[in-house]
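Here's the structure we're looking at; comments come further down.
The values are calculated or read from the model by the stated rules, or taken from the named source; none is laboratory data. Just so we're clear, the structure is a prediction, and the values are computed from it rather than from any experiment. Methodologically, a virtual Cβ is constructed for each residue, glycine included, from the backbone with ideal geometry; neighbour enumeration extends over all protein chains shown. SASA here: full protein model, heavy atoms, side chains in, ligands and nucleic acids out. Shrake-Rupley method; radii C 1.70, N 1.55, O 1.52, S 1.80 Å.
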Amino acid sequence: LVRLTHIIYLLHGFSVLMGILGPALIITTFLTGWPSIIAVILNYAKRSDVRGTYLESHFSWQIRTFWYTLMWLLIAGLLFVTVIGILFAYILAAGAGIWVVYRILRGWLALNEGKSIST
């Protein structure tokens, strides 16, 4: 299960890398890229297996990162629709992208140390 948790962080990280290197924003590839979608499916499928272990905090961390990123993307989309909010939408999207990178790195570092992560 530890290896699976590393793989899930790797999948999320790969989506972020695709966002950095490609024409899309980090948050859009994080939410719509196949690696992150597979990662979230794995999170939900194996969640009961990690219940009661320190890995449960990592699974919750990963799932919350995905859903909060979706929320920030929806808010940015609503701002983008209003012509006045386009600048704020880009700022929010960039900030959310940095936040996603932070969450993946922080969680993965804690996993490497064998520690739980506070959700």
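Where the accessible area of the chain is counted over protein heavy atoms with a 1.4 Å probe, how much of it, in %, is carbon and sulfur? Could you put the intermediate results ahead of the total?
Values: 4960 of 6760 Å².
Summing carbon and sulfur atoms, their accessible area is 73 percent of the total for the chain.
Here the Gaussian network model covers the chain, with springs between Cα atoms less than 10 Å apart; of Ala96, Ala76, Ala45, Ala45 fluctuates the most.
In this Cβ point-charge picture (+1 for Lys and Arg, -1 for Asp and Glu), the chain has a dipole of about 200 debye about its Cα centre. Normalised per residue, the accessible area of the chain is 57 Å², obtained with a 1.4 Å probe and no contribution from ligands, DNA or RNA.
The reciprocal of the average 1/r between distinct C-alpha atoms defines the Kirkwood hydrodynamic radius, which for the chain equals 14.5 Å. Can you bin the stretch 1-57 into rounded, prolate or oblate? Criterion: square roots of the alpha carbon gyration tensor eigenvalues sorted a ≥ b ≥ c, rounded for a/c under 1.5, prolate for a/b above b/c, oblate for the rest. Prolate, because a/c is 1.5 or more and a/b exceeds b/c.
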